Amino acid sequence: MIGEIETLSKSSGGDGRAEEGGDEQFARQDGALKTFKELNKKPTHHRFGLGRTEGIVLISWGFMEGVKLLGTWPSPFSYRVIWALKLKGVKFEYVEEDLGNKSDELLRCNPVHKKIPVLIHGGRPVAESTVILEYIEESWPQNPLLPQDPYDKSVARFWIRFIEDKTPVFFRFCHSTGEQQEEAIREAKKVLKTIEEHALREEDKFFAGDKIGLQDLVFGWLAWLLQALEEVVGVKLLEASEYPRLHRWVQNFRAHDVIRSDLPEHNAMLAYFKRIRETFISSSTSAV
Amino acid sequence: MAEEVKLFRTWSSPFALRVVWALQLKGIQYETVLEDVAKKSDVLRGYNPVYKKVPVLLHNGRPISESLIILEYVDETWKQHSLLPQDPHARAMARFWAKFGDDKVMQSIWTAFVSEGKEQEAALAEASEHLQKLEEELRGKKFFGGDNIGYLDIALGWLANLVRVFEEISGLRVLDGERFPLLFAWLKEFSDAPVIRDCWPSHDKLITKFIALRQLHGAQSSST
């Protein structure tokens with residue numbers, strides 16, 4: 001049986017850390033599976049933003065089979081894993097990490113990089129989002145997210161590697177001003193042009209055909225995060241007229257049932273990236 | 001039906017060497033096409049239009065680029081002598097550490113090699129931290145893949161010859177037996193393994209090449 005709890009808004013005290021199950025005993029309270037530790041302390045609260053609706057976190061019965069994801073809003077690395085799990089119909093517990101106050105669990109499960117996302121399955125952690133995606137694909141074969149053919153798989157992996165390689169260019173676009181930003185804009189447009197000309201076919205709805213796959217999930221931030229960056233910076237990169245295939249892919253991606261039920265809220269992202277941009281710019285000018 | 005397997009490579013590319021090892025370990029017949037880094041062929045550019053780099057594996061007319069991706073393709077296409085383990089978690093670990101090797105270990109060692117002063121000290125310290133993590137990964141194992149050479153050994157194989165080249169040129173101590181006994185032992189096991197040992201590029205030629213690269217890098221950074 002699966003217990004359900006409703007998530008509540010995150011307290012400013014940063015106590016949004018979920019407790020680990022470990023060897024602790026479980027008990028039910030109001031139909032929800034909780035550890036004795038949880039029952040005895042103040043409720044921990046965390047918001048799992050789903051736009052206008054509250055997030056629901058499902059805790060699976062039996063710790064050893066459990067799937068837990070340590071992530072953070074609005075990280076694109078986090079979201080791609082959430083989407084993959086949902087596309088596969090895998091029930092999982094989501095823990096919103098406070099990156100300014102990382103949990104012991106995160107530090108223990110990813111001691112090398114100390115970063116999110118981390119997937120913990122049956123107690124064993126996997127880190128690095130693209131590694132996690134391949135792990136999900138191999139552990140839950142239903143609804144394949146990679147092509148079966150080794151060559152087609154290698155093409156998907158190539159593009160996944162490509163966009164991972166080029167992502168920093170877009171963050172530079174957000175963080176910089178003046179000549180540095182001009183340079184970032186030029187590089188970003190080259191990246192978009194490469195995707196337009198080499199990665200997308202006219203007849204395909206998604207990167208690998210009619211069905212959404214890992215490649216779409218990894219490119220996904222171009223369909224929701226990029227727009228927030230463009231608005232914060234005041235420069236449009238992905239013009240529909242210049243990149244018609246990419247523009248069409250963005251619409252298809254955003255319209256997908258699983259994706260659209262789980263997109264970070266636009267205004268919240270604007271506020272978030274505006275703050276980040278201001279922080280970067282003021283720290284670089286004060287360093288001069 | 002005869003299969004066409006061609007590998008576009010340069011004489012020294014450590015990335016291309018990964019593919020050579022994989023093909024040799026699996027006993028696959030292939031043709032080598034040697035490319036000149038300074039003057040890449042139109043054919044190569046056609047097969048890898050995005051990066052225009054080696055290695056590119058051509059299998060029955062279809063090109064695959066990026067060495068780690070090629071390794072996975074080779075492993076999935078030719079099943080003998082498996083490179084990746086079967087268990088999804090073990091596969092995830094191998095991929096994680098291969099990424100770590102390229103993103104962190106290679107980056108820090110390269111920076112230590114081409115820089116000077118404080119920057120070099122910092123890079124060397126960082127490299128040592130990363131190598132320590134690899135050292136721990138080897139605990140209880142002869143190879144990263146266990147008893148046999150696997151995907152991660154191949155991915156990290158560049159350590160077995162390039163680090164010696166860098167140390168010889170720069171006088172730096174990067175990977176020594178005192179601080180990293182397991183890694184040091186692994187370097188030797190890997191280097192001397194059949195198939196692997198037949199493929200190393202000429203040490204002297206590598207010395208010449210990297211002296212020149214180091215000077216070029218130094219000249220570029222001092223002119224900015």
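Tell me what the protein assembly as shown gives for mean residue ellipticity at 222 nm when only DSSP H runs of n ≥ 4 count, each as -39,500 (n - 2.57), the sum divided by the residue total, rounded to 500 deg cm²/dmol.
Working: 21 runs with 252 residues, N = 512.
Calculated from helices alone, the mean residue ellipticity at 222 nm is -15500 deg cm²/dmol.
For the protein assembly as shown, what is the convex hull volume of its Cα atoms per residue in Å³?
Numbers: hull volume 93.0 nm³, N = 512.
Looking at the protein assembly as shown, the number lands at 182 Å³ per residue.
Cβ-Cβ distance of A:Lys211 and B:Glu178, R₀ of 51 Å, FRET efficiency by 1/(1 + (r/R0)^6): the value works out to about 0.40. Averaging Cα coordinates gives a centre for the stretch B:22-85 and one for the stretch B:139-180; these two points are 23 Å apart. Among A:Cys174, B:Cys199, a tally of other beta-carbon atoms within 10 Å of each Cβ gives an order, fewest to most, of B:Cys199, A:Cys174.
Just how large is the dipole of the protein assembly as shown about the Cα centre, in debye to the nearest 20, putting +1 at every Lys and Arg Cβ and -1 at every Asp and Glu Cβ? List each step's numbers first, then the result.
Values: 67 positive and 75 negative charges, 86 e Å.
Roughly 420 debye, rounded to the nearest 20.
Cβ-Cβ distance of A:Asp104 and A:Arg254, R₀ of 35 Å, FRET efficiency by 1/(1 + (r/R0)^6): the value works out to about 0.45. Taking every alpha-carbon pair in the stretch B:120-187 and binning the separations at 5 Å intervals from zero gives 3, 16, 27, 28, 15, 7, 3, 0 percent. How would chain B be classified by its alpha-carbon gyration tensor: rounded, prolate or oblate, with rounded meaning a/c under 1.5 and the a/b versus b/c comparison settling the rest? Cα axes put chain B in the oblate bin. Paramagnetic label reach from A:Glu187 (point 7 Å along Cα→Cβ; backbone nitrogen cut-off under 12 Å): within the stretch A:244-288, no residues. Each label was represented as a point 7 Å from its Cα along the Cα-to-Cβ direction; for B:Gln132 and B:Ser82 these points are 3.4 nm apart. Put in order of Cβ neighbour count within 10 Å, fewest first, the listed residues B:Trp200, B:Trp97 become B:Trp200, B:Trp97. Once the C-beta distance of B:Lys209 and A:Gln180 is scaled by a Förster radius of 22 Å, the resulting FRET efficiency is 0.10 to the nearest 0.05.
Label-to-label distance for B:Val50 and A:Arg245 is 1.2 nm, based on points extended 7 Å past Cα in the beta-carbon direction. The residue list B:Ser65, B:Leu216, B:Ala123 was ranked by how far each Cα lies along the charge dipole of the protein assembly as shown toward its positive end, using unit charges on Cβ atoms, and B:Leu216 comes out on top. Within the stretch B:160-202, the trypsin sites (Lys or Arg not before Pro) that combine a DSSP coil assignment with at most 13 other C-beta atoms in a 10 angstrom radius are B:Arg173, B:Arg197. Look at the Cα gyration tensor of the stretch A:149-256: its axes a ≥ b ≥ c give a/c of at least 1.5 with a/b over b/c, and that counts as prolate.
Find the centroid of the Cα atoms in the stretch A:68-105 and in the stretch A:171-186, then give the distance between the two in whole Å. After rounding, the separation between the Cα centres reads 29 Å.
Within the stretch A:87-108, name every residue whose backbone N is under 13 Å away from a label modeled 7 Å from Cα of A:Ser261 along the Cβ vector. Within reach of a label on A:Ser261, which here means backbone N under 13 Å from a point 7 Å along Cα→Cβ, the stretch A:87-108 contributes A:87-92.
Ranking B:Leu84, A:Ala255, A:Val131 by how far each Cα lies toward the positive end of the dipole of the protein assembly as shown (charges on Cβ) leaves A:Ala255 at the top. What shape does the stretch A:207-288 take by its C-alpha gyration tensor, where a ≥ b ≥ c are the square roots of the eigenvalues and a/c under 1.5 counts as rounded, a/b above b/c as prolate, and the rest as oblate? Because a/c hits 1.5 or more and a/b exceeds b/c, the stretch A:207-288 counts as prolate.
For A:Thr177, A:Thr279, A:Thr130, what ranking results if the residue with the fewest other Cβ atoms within 10 Å of its Cβ goes first? Write down the numbers at each step before the final one.
Working: A:Thr177 14, A:Thr279 11, A:Thr130 21.
The most exposed by this proxy come first: A:Thr279, A:Thr177, A:Thr130.
With a 10 Å cut-off around each Cβ of B:100-106, the average count of Cβ atoms from other chains is 1. Using only side-chain charges placed at the Cβ, +1 for Lys and Arg and -1 for Asp and Glu, the dipole size of chain B relative to its Cα centre rounds to 400 debye. With both labels modelled 7 Å from their Cα along Cα-to-Cβ, the B:Asp103 to B:Ser41 distance reads 3.5 nm.
Relative to the current alpha-carbon distance between B:Arg62 and B:Trp200, full extension at 0.36 nm per residue lengthens the span by 47.0 nm.
Where a number appears in this text, it was derived from the coordinates with a stated rule and is not lab data. None of the values given here were measured: they were computed from a predicted structure. Virtual Cβ from ideal backbone geometry, glycine too; neighbours counted across all protein chains shown.
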